[in-house]
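Everything on this sheet refers to the single structure shown next.
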Amino acid sequence: MEPNTGVQGYYAESAERLGRVYESVSFEAVHEALLDLLPDPPARVLDIGAGTGRDAAALARRGFGVDAVEPVAELRRVAERLHPDSGVSWRAGALPEIPGVRGPYDVVLLSAVWMHLRPEERPVAMRRLAGLLAPGGILLVTLRRGEPPVDRRMYDIPPEEVAGHAAEAGLKLLRIVDEGADRLGRDAVRWNSVALQLG
């Protein structure tokens with residue numbers, strides 16, 4: 001089964017525009033409430049659903065070894081163009097299986113990804129993510145909240161649900177953050193972040 005059918009088409013058609021939008025806000029601004037949880041470089045990081053590469057490239061600049069997985073070829077092309085010589089390893093792949101990706105990783109980041117997964121995919125994806133983490137490794141998930149848009153598959157998933165799937169997969173909850181207003185200025189959108197740890 002092709003993962004995220006009905007999602008990838010939107011991002012493929014919008015790749016250039018999204019490159020401008022996503023890159024207009026810094027990694028540090030978006031993930032400010034989670035930065036203190038990052039281990040010291042050169043820890044190994046996996047960015048799943050890396051989009052235009054903003055976060056992956058920023059983590060690489062901080063000295064981390066970064067693998068970036070993105071299912072949409074158009075977004076990967078934008079990422080490689082915007083962040084040449086970043087040292088990031090770019091590859092195709094999507095949850096829940098992300099075949100061919102092998103841990104262990106010290107950090108796994110899912111920024112604005114989890115809300116595209118169908119309900120039945122979420123426990124499978126969480127077990128896969130737990131299996132990619134090193135002992136003590138950190139999983140960081142950001143969730144878009146509010147009424148989902150009609151132009152692609154998306155769900156309004158509460159952070160408590162994510163924490164529940166995580167507990168079933170052997171991860172403990174470190175933090176739930178109410179990020180508040182959308183940094184791109186969308187009135188009906190707000191964000192939560194969830195930080196989890198293996199072991």
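The values are calculated or read from the model by the stated rules, or taken from the named source; none is laboratory data. What you are looking at is a predicted structure, and each value in this text was computed from that prediction instead of being measured. Glycine also receives a Cβ, built like all others from the backbone with ideal geometry; neighbour counts cover every protein chain displayed. In case anyone asks, the SASA skips ligands and DNA or RNA and just uses the protein heavy atoms, side chains included. Shrake-Rupley method; radii C 1.70, N 1.55, O 1.52, S 1.80 Å.
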Return the residues of region 175-199 that are in a loop (DSSP other than H, G, I, E, B), at pLDDT below 75, farther than 16 Å from E28 by Cβ and open to solvent by 70 Å² or more (accessible area, probe 1.4 Å); say none if nothing qualifies.
R186, D187, A188
Do we find that G100 is closer than 19 Å to R44 by Cβ and either at pLDDT below 95 or of a type in the set (S, T, N, Q) (or both) in this structure?
yes
Looking for something in contact with a helix residue (DSSP H, G or I) (Cβ under 7 Å, 6 or more places away or on another chain) and hydroxyl-bearing (S, T, Y) - is there at least one such residue anywhere in region 88-96?
no
Any residue that is outside any loop (DSSP other than H, G, I, E, B), at pLDDT 95 or above and open to solvent by 20 Å² or more (accessible area, probe 1.4 Å) - is there at least one of those in region 13-36?
yes
Identify, by number, the condition in (1) at pLDDT 95 or above; (2) on the phi < 0 side of the Ramachandran plot; (3) surrounded by fewer than 19 Cβ atoms within 10 Å (Cβ to Cβ); (4) touching a strand residue (DSSP E or B) at 6+ places or on another chain (Cβ under 9 Å) that L171 doesn't meet.
(3)
Segments classed as helices (runs of 4 or more DSSP H), wholly inside region 52-165, with at least 1 members that are within 22 Å of S193 (Cβ to Cβ) and open to solvent by 40 Å² or more (accessible area, probe 1.4 Å):
54-61, 122-132
Contact list please: Cβ distance under 6 Å, first residue in region 40-68 and over 20 Å from A94 (Cα atoms) and aromatic (F, W, Y), second residue modelled with pLDDT of 95 or more and surrounded by 24 or more Cβ atoms within 10 Å (Cβ to Cβ), pairs at least six apart or on different chains.
F64/V45
